[in-house]
Amino acid sequence: MTAPLLTLLADATPGGSLAVLFVNPLPFPPGARLWMLLPLLLCVATVYRASRVRQVRELPLATLLTFVNILVGMLLIAAGFYVLHLLVLRFF
Amino acid sequence: MPQQEPSTSRLVQVGLLAWLIPGAGHYAVGQKGLAAVFCVAITLPYATGLAIGGAKSFASPTANRWLFVAELPIGGYTLPAYLLSTALDRRIETRRQRGETVDLTEYVAYFPAADVAQIYLATAGLLNILAILDALSRAQYGEPTFHRDRRPAPEEPPAA
């Protein structure tokens, strides 16, 4: 039952103008790569915090703090590597 | 008073539910709010990754074995995606046998979208491992994963 349905879904698109989610990749703007960090980070912070709270009402603030913590940490790491990159270019 | 330990079959049931659908394990232990949170926060990156990359190569153990392994912790999503991937492989093969030229970019994303898709899919899979462990912890101890060590030790019975 499932296989013919999926084959039908796969058949619906090639050669046609209809783009089907998960069959045809979505167009991805070239400048979007770094910005895609933010929603993923939010999901990671949410799941991480959800595995530590007893009730959902504790979640929003804890998630926000974790989100900011990870984001600032990653920005510092990026800045550190950028400085290292500049130093390498300068001295080697 | 220490709560009654759940049976092994109950824990297996919760684990399987959490493996099939993110949040389903939490729903089974009565944590409906957390179930919704886990479901959304894990389904979103998985669906985004698969939509950006396409199922053909991004849910295929032959095209990208280690990514597929990372996706396996979400069985209920990865199995249909794998079936779609094999259906697409068959479809492309049929088109080639008919003499058609198949442009693979119709089905497969390349750099930089491929990088983003892989990271999203792998992260979603790994996040569901955390969700499964948390569901099991809540089923067994009634506490989230990282609070088990804070539980007070059961009182010693008075010496006779």
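Values quoted throughout were computed directly from the atomic coordinates according to the rules given, and no laboratory measurement underlies them. Nothing here was measured: the structure is a model prediction, and the numbers come from that model. All Cβ positions, glycine included, derive from the backbone under ideal geometry; neighbour counts span all protein chains shown.
Restricting to DSSP H runs of at least four residues, report the calculated mean residue ellipticity at 222 nm for the protein assembly as shown, -39500 (n - 2.57) per run over all residues, nearest 500 deg cm²/dmol.
The helix contribution divided over the protein assembly as shown gives -21000 deg cm²/dmol.
Net charge in the neighbourhood of B:Y110 (other residues with Cβ under 14 Å of its Cβ; Lys, Arg +1, Asp, Glu -1) is -1.
Placing pseudo-labels 7 Å out from each Cα toward the beta carbon at B:Q140 and B:T94 gives an inter-label distance of 4.7 nm. Over chain B, what portion of Cα pair distances is larger than 28 Å, expressed as a whole percent? In whole percent, the share of Cα-Cα pairs in chain B beyond 28 Å is 37.
In percent, what relative contact order does region B:1-135 have, based on Cα pairs under 8 Å that are 6 or more apart in sequence?
Details: 172 pairs, mean separation 47.7, N = 135.
Relative contact order comes out at 35 percent.
In the neighborhood of B:A35, defined by Cβ-to-Cβ distances under 14 Å, what is the net charge if each Lys or Arg adds +1 and each Asp or Glu adds -1? Local net charge: +1.
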